[in-house]
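*Asks:* I have a structure here, written as structure tokens, and I will follow up with some questions on it.
Read-outs throughout are calculated quantities, based only on the coordinates presented, and are distinct from any laboratory measurement. Not measured: the values here are computed from a predicted model. Positions of Cβ are generated from backbone atoms using ideal geometry, with glycine treated the same way; all protein chains shown enter the neighbour counts.
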Amino acid sequence: MIERRTTRAVYVGNVKIGDNAPIVVQSMTDTKTRNIDETLAQINRLA
């Protein structure tokens with residue numbers, strides 16, 4: 001396992017980055033949102 005370094009906490013909006021905060025990932029789907037089944041499948045693959 002990779003050893004974590006001690007870092008300072010900074011906030012981007014209300015999202016804490018650094019210190020002992022969990023890693024934050026943001027993503028988007030690239031399916032047509034009307035295609036509910038495919039959109040949900042893509043969301044579940046990202047989770």
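*Asks:* With a point put 7 Å past each Cα toward its Cβ, work out how far R5 is from S27 in nm, to one decimal.
*Replies:* Between R5 and S27, the label points sit 2.7 nm apart.
*Asks:* From the backbone phi of region 8-24, what are the Karplus-calculated ³J(HN,Hα) couplings (6.51 cos²θ - 1.76 cosθ + 1.60, θ = phi - 60°) in whole Hz, Gly and Pro given as x?
*Replies:* Ordered by residue, 3J(HN,Hα) equals 7, 7, 10, 10, 10, x, 9, 9, 7, 10, x, 6, 10, 5, x, 5, 10 Hz.
*Asks:* Expressed in nm to one decimal, what extension gain is obtained for the pair V12 and R34 from 0.36 nm per residue of sequence separation less their Cα-Cα distance?
*Replies:* Extra length from V12 to R34 when fully extended: 4.8 nm.
*Asks:* Order by neighbour count: I36, I17, I2, fewest other Cβ atoms within 10 Å first, most last.
*Replies:* I2, I36, I17
*Asks:* Mind checking the angle between helix 36-46 and the chain's longest principal axis? C-alpha axes, 0 to 90 degrees, to the nearest 10.
*Replies:* The two axes meet at around 20 degrees.
*Asks:* May I pose another question? Only one of the listed values, [x] 1.18; [y] 1.31; [z] 0.99, was derived from the coordinates as Rg/Rh (Cα atoms, Kirkwood Rh); which label is it?
*Replies:* Step by step, Rg/Rh (Cα atoms, Kirkwood Rh) for this structure corresponds to label [x].
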